[in-house]
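Okay, so here's the structure we're looking at.
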Amino acid sequence: MTFVDLLYWRDIKKTGVVFGASLFLLLSLTVFSIVSVIAYIALGLLSVTISFRIYKGVIQAIQKSDEGHPFRVYLDKDVAVSEELVQKYSHVVLGHFNNTIKELRRLFLVDDLVDSLKFAVLMWVFTYVGALFNGLTLMILAVISLFSIPVIYEKHQVQIDHYLGLVNKNVKDAVTKIQDKIPGLKRKTE
């Protein structure tokens, strides 16, 4: 099962577990510190695994069987992260980081006035978003959106594409009119 399958709820049980666990974790962080949440999760897991191990030990003693350790399969698995995997993802992250730095340099040093003004407006909007929501609330909204928007879009794709096309056309027309009226705001031709 891929990440996209989770977002589109292809397997409802697995997606429900991932969505529920993610939302539970974020909601827990709104009430408790991260240290407390990690400690409570670890204690819960330990309670389950220790209880299961004792239960299996008692059952084996009563039935006089020798099944061995109930978690032997998982204990024998290799859980090390390979060096190749780390290098692969570190190269990807480094590429994204460098591109982000270049783009921020371009925006802050006003390589293109229109793009820098758009960025300034975006940051101004973010000041209001930051005043209304904290980071954890935005993460909760992001998780809910991540698991609901793809399904809604898949079911109503034709109508959404139609209205997004209209909005996009109107925004482009408005930007073109503004650029034509204000000197110095015409985009550089590349």
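The values are calculated or read from the model by the stated rules, or taken from the named source; none is laboratory data. Predicted, not measured: the structure shown is a model, and the values here were computed from it. Backbone-built Cβ (ideal geometry, glycine too); neighbour counts: all protein chains shown. The accessibility values were calculated without ligands, DNA or RNA, using every heavy atom of the protein model including side chains. Shrake-Rupley method; radii C 1.70, N 1.55, O 1.52, S 1.80 Å.
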Tell me the residue from 48, 86 that is of a type in the set (Val, Ile, Thr), open to solvent by 70 Å² or more (accessible area, probe 1.4 Å) and over 30 Å from residue 30 (Cα atoms), please. 86
With respect to residue 73, determine if the residue is out of contact with any Cys (no Cβ under 7 Å at 6 or more places or on another chain), closer than 29 Å to residue 16 by Cα, open to solvent by 80 Å² or more (accessible area, probe 1.4 Å) and not in a helix (DSSP H, G or I). no
Can you confirm whether residue 113 is over 30 Å from residue 24 (Cβ atoms) and in contact (Cβ under 8 Å) with a residue 60 or more places away in the chain? yes
In the list 37, 4, 17, which residue meets the criterion of being within 20 Å of the chain's Cα centre (by Cα) and loosely packed, with under 10 Cβ neighbours inside 10 Å? 4
Any idea which of (1) assigned to a helix (DSSP H, G or I); (2) more than 23 Å from the chain's Cα centre (by Cα); (3) modelled with pLDDT under 95 is the one residue 106 doesn't satisfy? (3)
Those residues of region 51-70 which are within 28 Å of residue 24 (Cα to Cα) and open to solvent by less than 100 Å² (accessible area, probe 1.4 Å) amount to 51, 52
When region 116-126 is examined, which residues are found to be open to solvent by less than 60 Å² (accessible area, probe 1.4 Å) and under 17 Å from residue 183 (Cβ atoms)? 116
Got at least one residue in region 92-100 being open to solvent by less than 100 Å² (accessible area, probe 1.4 Å), touching a helix residue (DSSP H, G or I) at 6+ places or on another chain (Cβ under 8 Å) and without any contact (Cβ under 8 Å) to a residue 40 or more places away in the chain? no
